[in-house]
Amino acid sequence: MSLRLELPPTFGQLLRDPERKRGLVGMWLSSGSTVNAEICAGAGLDWLMIDGEHAPISLASIQLQLQVVAAYPVTPIVRVPSVDRVIIKQYLDLGAQNLLVPMVNNAEDAAEAVRAVRYPPAGVRGVGSALSRGARWNRVDNYLTRANEELVSLTVQIETAEAVANVDDILNTDGVDAIFIGPSDLAASMGVIGQQGHPDVRAAIDTVVAAARKVGKPVGINAFDPTLAKQYLADGIDFILVGADVALLARATENLADQYLGGNTEGVTRASY
């Protein structure tokens, strides 16, 4: 008789835990490196975001990162490239229990994301649990009947002016566990690209947070600025991303160069490959 396995709590379940007393703090994994994933998994953060949208990461790489991270007390979330039921099916089957879907602009987008993560009759997810890591190759009892309601978590990303206008409808879409604000794309969509702190962008963020609070649904945000991130946490944000593996490495190596070269790069030619 094979082992019977139980999957860890979903991100949505952690966010809804009545014992939770603070916002959950996490970081991006954008390099595709399993070594980086393991280092970050052991750092003591609450959650990690494996980015399948902007990073050069294959399905096999995502699965490897999930396998490495599973040894540590941290919750991984995987961002899919788009609201695509085929890709979402593949991500779920390879073992991504918690998904973030970007560019959800209206209730129709949100409903399509929900359908993609749920088995029929509630959705359109293809049945392949016996062949996949998602159900641990049929070692999770009653995976097919439990997946829709308790084994998969869906967060959708609010990152356009259109999404802000439709945030109430998105929040009220059954099956959406949480929303996540992307200030960078939101600023771009509002005509102030690169200005995440612009008053209009901040007002839009406040609108989204207030809408989530009104219906009691968890809301998170991306904030690499430490002062801003700490303010969001003090204000009661439910979850937040405060850094990325590639950004941390870039800034640390720049600081190393400054420390030992002091800006003295005369006679040095830097090639771009």
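Brief remarks follow.
- Shape category assigned to the stretch 1-48 from the gyration tensor of Cα positions, a/c cut at 1.5: oblate
- Rounded if a/c under 1.5, otherwise prolate or oblate - the stretch 123-273, Cα gyration tensor axes: oblate
- Here the label points at ALA247 and ASP235, each 7 Å from Cα along the C-beta direction, are separated by 1.7 nm in the simple model.
- Residues THR145, THR207, THR160, ordered by accessible area of protein heavy atoms at a 1.4 angstrom probe radius and largest first, appear as THR145, THR207, THR160.
- Only protein heavy atoms count here; under a 1.4 Å probe, MET27 has an accessible surface of about 10 Å².
- With all pairs of separate Cα atoms included, the chain yields a Kirkwood hydrodynamic radius of 19.6 Å.
- Where only C-alpha atoms are counted, convex hull volume of the stretch 66-207 per residue in Å³: 118 Å³
- In a reduced charge model with +1 at each Lys and Arg Cβ and -1 at each Asp and Glu Cβ, the stretch 116-241 shows a dipole moment near 560 debye about its Cα centre.
- Taking a ≥ b ≥ c as the square roots of the Cα gyration tensor eigenvalues, the stretch 15-122 comes out oblate, since a/c reaches at least 1.5 and a/b does not exceed b/c.
- The stretch 162-236 - Rg over Rh from alpha carbon coordinates, Kirkwood radius: 0.96
- Structure-based [θ]222 nm, the chain - -39500 (n - 2.57) summed over DSSP H runs of at least 4, per residue, nearest 500: -11500 deg cm²/dmol
- Only lysines eight or more places from LYS21 in sequence, or on another chain, were considered; those with a Cα closer than 29 Å are LYS214, LYS217, LYS230.
- The stretch 19-74 pair-distance distribution - Cα-Cα, 5 Å bins, rounded %: 4, 21, 31, 22, 13, 6, 3, 0
The values are calculated or read from the model by the stated rules, or taken from the named source; none is laboratory data. These numbers come from a predicted model, not from an experiment. Cβ atoms come from the backbone with ideal geometry, glycine included; neighbour counts cover every protein chain shown. Surface accessibility is based on the protein's heavy atoms, side chains included, excluding ligands, DNA and RNA. Shrake-Rupley method; radii C 1.70, N 1.55, O 1.52, S 1.80 Å.
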